[in-house]
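Notes follow once the structure below has been shown.
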Amino acid sequence: MRKLKIGITCYPTVGGSGVVATELGKMLAEKGHEIHFISSSLPFRLNRMYHNIYYHQVDVNQYSVFQYAPYDIALASKMAEVANREKLDILHVHYAIPHAVCAILAKQMSNRDIKIVTTLHGTDITVLGYDPSLTNAIKFGIEKSDTVTAVSNSLVNQTYELINPDKQIETVYNFIDERIYQKTDAADLKAQLQIKEEEKVIIHVSNFRAVKRVQDVVKTFAKVSAAMPAKLLLVGDGPEMTLVCKLVRKLSIEDQVIFLGKQENLEELYSISDLMLLLSEKESFGLVALEAMACGVPCIGTNVGGIPEVIQHGENGYICELTDIGDIAEKSISLLTDNVLHQQFSQASVNTVRTKFKAEQIVEQYEQLYYKLLN
Ligand code: GMT
């Protein structure tokens, strides 16, 4: 098969969609394809030189005549420029708006028969899909793309319910780099964080948006820590942080909760954790659950969006109803006090990542979609 030239556009800052787009680019580059990232800043996981990977920055002019800087037009223009100069075969964009719409415009500008692949990640549908001022643009972006994928079956269904596009949407699950996400010996880190040997460690990782319901995580943890020695690691930062801190004080669990802020090298934090809680009210996939599972950490998640496609109830973790703190705490306690069950779930979590979400298979699935379009 000939090697392809692929342009990738994503939101480059911290976030699951940016992570998946960057990891996909890195793995395609390892397979010999030429990858061109086109975005407003360097994707945060592209932290060193990689063979076969190029980065093209989108600069937006801040002329005072513009009330709003025309980012979308600058992006489309840059995509067209790169597509022509580098003779790209594919533009793979992550998020329908603005990226798919920009890619369609770029294709027209470039006069090149470049194929457009759009991957839906969630917020573009589950939040923006409710905004009538954007529905037409999202539908247009989906329908005019050559191939559209979504990161879970749940997101495919929600897209049809909310946007009703006349387009086939294929599920391609997210993946993580299994070479990075695996259990490591992080005993030093545990000591640094002053976590005692007998303490169970619960972890939550998110951008602390309201949809992540971090306060439910804290309420659950308060019940667990009343039943056993335990620590809660809160990783990330965002709009809910002030309320979360207030709740921690109100529940008098300040000494048991460790606020770590935004972190890299999460595999070390997962390696000292016994359980992950992902209690979101909207979640198209839940990449952090997959990362934790790869490191052998069982997860408890809500019965929402794509979470039940990642966490298999009673096999590698538990699915609970949204806001049912009592049930979530009960399941957490029973899992943390039963070493045999915990070991079984931990092994099943790793197996799920290595089979259903195996990076090699998923990258190949994207490659097949590209080749199908080009033939
Ligand atoms: O969850 C977020 O707030 C970030 C958002 C993003 O754009 O990165 O995450 C979405 O895409 C991830 C990668 O596909 C998924 O794992 C997340 O579940 C999804 N978030 C939501 O649906 C809320």
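For the stretch 131-188, what relative contact order do you get, as a whole percent, if you take Cα pairs closer than 8 Å and at least 6 residues apart?
35
Under the rule a/c < 1.5 gives rounded, and otherwise a/b versus b/c splits prolate from oblate, where does the stretch 185-236 land using the Cα gyration tensor?
Because a/c hits 1.5 or more and a/b fails to exceed b/c, the stretch 185-236 counts as oblate.
Could I get the Rg over Rh figure for the stretch 60-161? Both from C-alpha atoms, Rh via Kirkwood, rounded to two places.
Taking Rg over the Kirkwood Rh, I get 1.01.
What lysines sit close enough to Lys190 to cross-link, taking a C-alpha to C-alpha distance under 19 Å and skipping anything fewer than 8 places away on the same chain?
Reachable lysines: Lys200, Lys231, Lys262.
Give me the aspartates and glutamates in straight-line cross-link reach of Lys139: C-alpha distance below 20 Å, same-chain residues under 8 apart excluded.
Partners within reach: Asp72, Asp124, Asp131, Glu161, Asp166, Glu170.
Place a +1 charge on the Cβ of each Lys and Arg in the chain and a -1 charge on the Cβ of each Asp and Glu, then give the dipole magnitude about the Cα centre in debye, rounded to the nearest 20.
My answer is approximately 760 debye.
Go through the stretch 191-221 and name the trypsin sites (Lys or Arg not before Pro) that are in a DSSP coil and have 16 or fewer other Cβ atoms within 10 Å of their Cβ.
Lys196, Arg209
Over all distinct alpha-carbon pairs, what is the Kirkwood Rh of the chain in angstrom?
Kirkwood hydrodynamic radius for the chain: 21.6 Å.
Would any residue of the stretch 22-54 have its amide N under 18 Å from a label point 7 Å out along Cα→Cβ of Met109? List them or say none.
Output list for this probe position: 36-41.
Would you mind classifying the stretch 167-293 by shape? Square roots of the alpha carbon gyration tensor eigenvalues, ordered a ≥ b ≥ c; an a/c under 1.5 is rounded, otherwise it is prolate if a/b is larger than b/c and oblate if not.
Oblate.
Over the Cα atoms, compute the radius of gyration (one decimal) and Dmax (the largest Cα-Cα distance, rounded to a whole number) for the stretch 30-79, in Å.
Both quantities, over Cα of the stretch 30-79: 13.9, 46 Å.
Distance between the C-alpha centers of the stretch 336-368 and the stretch 92-168? Whole Å please.
29
Provide the gained length on full extension for the span Gln344 to Arg179, in nm with one decimal, where the gain is 0.36 nm per separating residue minus the Cα-Cα distance.
57.2 nm
More than 24 angstrom separation, counting every C-alpha pair in the stretch 264-375; what % is that?
When all Cα pairs of the stretch 264-375 are counted, 28 percent exceed 24 Å.
Between Lys3 and Glu360, what length in nm is gained on full extension when 0.36 nm per residue of separation is reduced by their alpha carbon distance?
126.8 nm
DSSP loop (so not H, G, I, E, B), at most 13 other Cβ within 10 Å: list which GluC sites (Glu not before Pro) in the stretch 267-332 pass both filters.
Glu321
If the reach is capped at under 25 angstrom between alpha carbons, list the lysines near Lys358, excluding any in the same chain fewer than eight residues apart.
Lys3, Lys5, Lys26, Lys31, Lys183, Lys282, Lys372
Which of rounded, prolate, oblate describes the stretch 315-375, given a ≥ b ≥ c as roots of the alpha-carbon gyration tensor eigenvalues and a/c under 1.5 marking rounded, otherwise prolate only if a/b is larger than b/c?
oblate
Readers should treat all values here as calculations from the given coordinates under stated rules, not as data from a laboratory. Note that this is a predicted model, so its numbers are computed, not measured. Every residue, glycine among them, receives a Cβ derived from its backbone with ideal geometry; neighbour counts consider all protein chains shown.
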